[in-house]
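Beneath this line is the structure, given in structure tokens, with notes to follow.
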Amino acid sequence: MTVIFRTILVRELTLGLRRKADMLMTLFFCVIVASMFPLAVGPETELLRTMGPGIIWVAALLASLLSLERLFGGDYADGTLEQMVISSHPLAMIVFAKVVAHWLLAGLPLVLISPLLALQYGLDGDEGLILVATLLIGTPILSLLGAVGAALTLGLRGGGVLISLLVLPLFVPVLIFGSAAVDDAAAGLSIEGHFSLLGAMLIAALILTPWAIASALRISIE
Amino acid sequence: MNINWFKYASPASFYPLAGKMIPWFAIPAGILAFIGLVMGLFVLPPDFKQGESYRIIFIHVPAAWMSMVIYLAMAFWAIVGMVWNSRLSAMMAIALAPTGAMFCFLALWTGALWGKPTWGTYWVWDARLTTQLILLFMYLGYMALHAAIEDPRRAARASGLLAIVGAFNVPIIYFSVQWWNTLHQGASITPNKSEMAASMASVMLIMAVAAWLYAIAVALKRVRCEILDRERHASWVAELVTKTGQVHG
């Protein structure tokens, strides 16, 4: 079981790292979206500082949506996915490895670039660190939930837009707790609750979504 | 005793049953809605705080209830469809979705209209309104996914899975939105929960029952259309058409 996990993970990472442009595109998208807001709402420091966590979270949300279509798309087009579905290894394990690889390639770079975005919004010191921490817990949830949407919309016309329609409402709790943690830290309130809830959501998503993704793939493949 | 639990799980035997059941739900729905509206709009006295505008509650609250109940009913049929692999359950789930979305939209719209006189604004990011809005998005996503897949079997199963995942998320979304709401703004503008007069409560109950009956009648009607559409190549549909010359069951 761990062998198949490692094999798929290494394969996905190798494939992903050979196409660095895909990875960087998502990253730049996030940076550009986050940089548009100050131009639209004006450069007042106070305003930006209060809006910053929310904007960075929404930008990360949109960026993680962008890369979802590629999660299963390539393997679906060349038939690899079909082989994965009919293989004797547990499909949930295979998709879990794929999602982990996807997060390492698409989610983790967002987390790593977020301190830079935080600086743009004047979130220095602790608030910036808390933002990074919420993204670190939150983006895997986005990848896991998003993978369900990606699996359901496999091979459909306008799949990308459809994924957004399906999964954005499901992202709401993560968005709320992620950005609220930063806001509350700025206001000097306790943020333990937010982190506990984000952690709980991550654990629930880790346990439940691989099965949902696997059955969604079975529905889409057959 | 040997009961065949799955007799009406077959579209062919459910189709005429649904046809016979529709009037039993539609007519009481019409009567109750008429009574409820006449009572609510004309007979009951105006509220001492909100004046006439409170009367919108008789549409708003039943619509909001139904929008949530119908989503759960959809998820229920999706689970039944997944467990027993019955085609009819999936059709039931799909037949419910437009009614649920309609009630959801109605709840939002009446909520906005009610908000203007009571809160002074059409829209506030109140916990309930926001949850309702997200629920509407989930209905639309469900219907969009179903519409995007051409193969009816895959469409039914994929949207069913989405409904189940969504149903797990609805409580999480509700509580997170509620918490977000209390964090961000004071509870000053939430509508006051003054105890409702018994006459008002009973009219609201009548309207809620009417909404239930209406939803069931419409869902049955829609599931009949869905059955005919899906089973149009089946021999019993052909017989039905040649026998009656039209499709009444």
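Each value in this text was obtained by applying a stated rule to the coordinates, not by laboratory testing. Bear in mind the structure is a predicted one, so any value in this text is a computation, not a measurement. So basically every Cβ, Gly included, is an ideal-geometry build from the backbone, and we count neighbours across all protein chains shown.
State the three equivalent ellipsoid semi-axes of chain A, derived from the C-alpha gyration tensor as the square roots of 5 times its eigenvalues, in descending order and whole Å. Please report the intermediate quantities before stating the final value.
Details: eigenvalues 209, 64, 45 Å².
Listed largest to smallest, the semi-axes of chain A are 32, 18, 15 Å.
Report the extension gain between A:R218 and A:A187 in nm, rounded to one decimal, defined as 0.36 nm multiplied by the number of residues separating them, less their alpha carbon distance.
Details: separation 31, 0.36 × 31 = 11.16 nm, distance 4.71 nm.
Between A:R218 and A:A187, full extension yields 6.4 nm more.
Counting every other Cβ atom within 10 Å of each residue's Cβ, B:D126, A:D184 order from fewest to most as A:D184, B:D126. Taking 0.36 nm per residue of separation and subtracting the current Cα-Cα distance, fully stretching the chain between B:F42 and B:L17 would add 5.2 nm. Only lysine pairs 8 or more places apart or on separate chains count here, and in the protein assembly as shown those with Cα atoms under 24 Å apart total 10.
Longest stretch of chain B clear of exposed loop sites (GluC sites (Glu not before Pro), DSSP loop, at most 13 other Cβ atoms within 10 Å, sites excluded): B:1-149. Taking label points 7 Å from Cα along the Cα-to-Cβ direction, A:F5 and A:L108 give a separation of 1.5 nm. Principal axis analysis of the Cα atoms in the protein assembly as shown yields extents of 68, 63, 42 Å, listed in decreasing size.
Rounded to the nearest 10 degrees, the inclination of helix A:45-66 to the longest alpha-carbon principal axis of chain A is 10 degrees.
Electrostatic bookkeeping for A:M25 treats Lys and Arg as +1 and Asp and Glu as -1; over the other residues with beta carbon under 14 Å from its beta carbon, the sum is +1. Each part reduced to its alpha carbon centroid, region A:69-91 and region A:132-210 end up 24 Å apart.
Any chance you could run the full-extension gain for A:L24 through A:S88? It's 0.36 nm times the residue separation minus the Cα-Cα distance, nm to one decimal.
19.6 nm
Note on B:A112 and B:E52: with the Förster distance fixed at 22 Å, the Cβ-Cβ geometry gives a FRET efficiency of about 0.80.
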